[in-house]
Structures are given as structure tokens and as C-alpha cells.
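These notes concern the structure reproduced below.
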Amino acid sequence: MADEIDRKLFPEFVETTFAISLGFAYRMAEMLKHPQKAVAGMVSEVTTLASTQPESGDGLQRRAQAVASAVVQRSMTLVEECRTAGQKFTSPK
């Protein structure tokens, strides 16, 4: 029974993975067109992610958890943005 479920989900998984890859490639091509703007954006992102919020509390563990949480949230947002951009290329018109 697990094989049947896997066979049904696998094509969708491959399609989503392909869309994310295409979206990532598209975003990288856009960054290569305007490298100065891309570097400034990356520095801004890293600065934002590395800075901890005052409400995260004192102590290294709480600050590390706040930074890790921000990184995971931003990573998931980037994956979703890449998937959306890639689906523009894969969806029928």
C-alpha cells in the first residue's frame, strides 16, 4: 500500500522540485545581471538575520534560537519564492 501512495506523490514531488530549481536559476540569473544590487541585498539579508531582536531575551541560547528561527523562516520564504518563480516556466499557458 505504501508503494501506491509513493507512486502517486512522486510525480508531484518531482514537478515541485523542478519548479524550485528553475526559480532558483532564474533568481541567480537576475542577480548576475545586477551584481552590485545583488550584493547589497545579500548583505542586508545577512545583517537582518544575524541581528537578534531585543525581545529574544538574555543568554546565548535564547539569542541563538532567535537567529536560527529567523534563518529558517527566511529560508522557507526563499524556497516558496523560487517555487513560484519556477512555476511561471512550468505551468501551461
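Each value in this text was obtained by applying a stated rule to the coordinates, not by laboratory testing. Keep in mind it's a predicted model, so treat the numbers as computed, not measured. Cβ: placed from backbone, ideal geometry, glycine included. Neighbour counts: every protein chain shown.
Simple spin-label estimate for residue 12 and residue 63 gives 4.3 nm between the two label positions (7 Å along the Cα-to-Cβ direction from each Cα).
Put a plus charge on the Cβ of each Lys and Arg, a minus charge on the Cβ of each Asp and Glu, and nothing anywhere else: the dipole of the chain about its Cα centre is then about 380 debye.
Dividing the C-alpha radius of gyration of the chain by 2.2 N^0.38 Å, with N its residue count, gives 1.47.
Estimated from helices alone, the mean residue ellipticity of the chain at 222 nm is -30500 deg cm²/dmol (sum of -39500 (n - 2.57) over DSSP H runs with n ≥ 4, per residue). Annotation: for a label point projected 7 angstrom from Cα along Cα→Cβ of residue 26, residues of region 70-88 with backbone N closer than 12 Å are 81-88.
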